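Engineer: One structure, pasted below without further comment.
The values are calculated or read from the model by the stated rules, or taken from the named source; none is laboratory data. Bear in mind that the values here come from a model prediction, so they are computed numbers and not experimental data. Positions of Cβ are backbone-derived with ideal geometry, glycine not excepted, and every protein chain shown enters the neighbour counts. Surface accessibility is based on the protein's heavy atoms, side chains included, excluding ligands, DNA and RNA. Shrake-Rupley method; radii C 1.70, N 1.55, O 1.52, S 1.80 Å.
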Amino acid sequence: QRNRVGPRMARGWGWMVSRLAGVRIQYTPAARQALDTRKARVLTFNHGSTLDVPVGAALLPEGGVLAIKAEMRALPLLGPACAAMGSIFLDRGDRESAYESLKVSARRIQDEKLQVLIAPEGTRSPDGQLGQFKLGAFHLAFVAQAPILPLVLHNSAAIWPRGQIAPNGGTVIIDALPEVHMPAGDSDALRSQADALRTLYQKALLAGPSVAD
């Protein structure tokens, strides 16, 4: 029940906030086709805007959940709301706790066929440019032995730059790149995987989206 209600709640909230902000969301055919499939995997997105949170929630597919910092669980209202949506909470504390958190999350991904949305940059880019990729998303995919589906958010940084009180309004276009598969038994390769994916994101953002629906 949680996996049906959670994404629906998140999508409704994301669409409502986006509409109130004067923002439309469109998908390329590649993104629609990719998100129509439910499978155990990690969904990544470029994080350069305040807008990315509601847009990310709005695009959650079936079985989709948000990856949230574990410390947010203790926040009044927001913590219980994220938990009710079935979010995955990742511990970024000491190495042992962080790894245990990854193992618990990885089991959920496989057992519940979850699609976990996470920003590999870890936090919003201060200037809208693509930041360095941390390894959290890659460790999660590696431990779960689940592929990564890279989602590219076009125009979000220009519509609502960091530090601006209100958005400018406009259209965010969601595109998808081919899935990336994690190497089995070789966590040392994750840094090169992260750098290679960041290069693909840079090229995709520079080229712009294909025609949206």
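Engineer: So who's got an amide H within less than 5 Å of the one on residue 64, skipping anything under 5 residues away but keeping other chains? H placed 1.01 Å off N, in plane.
Structural biologist: HN-HN under 5 Å from residue 64: 115.
Engineer: While we're on this one: Packing-wise, with mean Cβ within 10 Å as the measure, how do 55-61, 42-48 rank, highest first?
Structural biologist: Packing proxy ranking, top to bottom: 42-48, 55-61.
Engineer: Using a Gaussian network model on the chain with a 10 Å cutoff between Cα atoms, which of 76, 54, 147 fluctuates the most?
Structural biologist: Fluctuation is largest for 76.
Engineer: Could you please state how large a percent of the accessible area of the chain is carbon and sulfur, counting protein chains only and using a 1.4 Å probe?
Structural biologist: 56
Engineer: Can I ask one more? For the range 142-203, which semi-axes, largest first and in whole Å, follow from the square roots of 5 times the eigenvalues of its Cα gyration tensor?
Structural biologist: Computed over the range 142-203, the values are 31, 12, 10 Å.
Engineer: Here's another thing I want to ask about it. Select from 20, 117, 51 the residue whose mean-square fluctuation is largest in a Gaussian network model of the chain (Cα-Cα springs shorter than 10 Å).
Structural biologist: Of 20, 117, 51, the Gaussian network model singles out 20 as fluctuating most.
Engineer: Ratio of the chain's C-alpha Rg to 2.2 N^0.38 Å, to two decimals?
Structural biologist: 0.96
Engineer: Please report, in debye to the nearest 20, how large the charge dipole of the chain is about its Cα centre when each Lys and Arg carries +1 at its beta carbon and each Asp and Glu carries -1 there.
Structural biologist: 480
Engineer: Which of the lysines could a cross-linker bridge to residue 103, judged by Cα under 27 Å and excluding same-chain residues fewer than eight apart?
Structural biologist: Correct list for residue 103: 39, 69, 113, 134.
Engineer: Separate question: What accessible area per residue comes out for the range 83-170, rounded to a whole number of Å², with a 1.4 Å probe?
Structural biologist: 47
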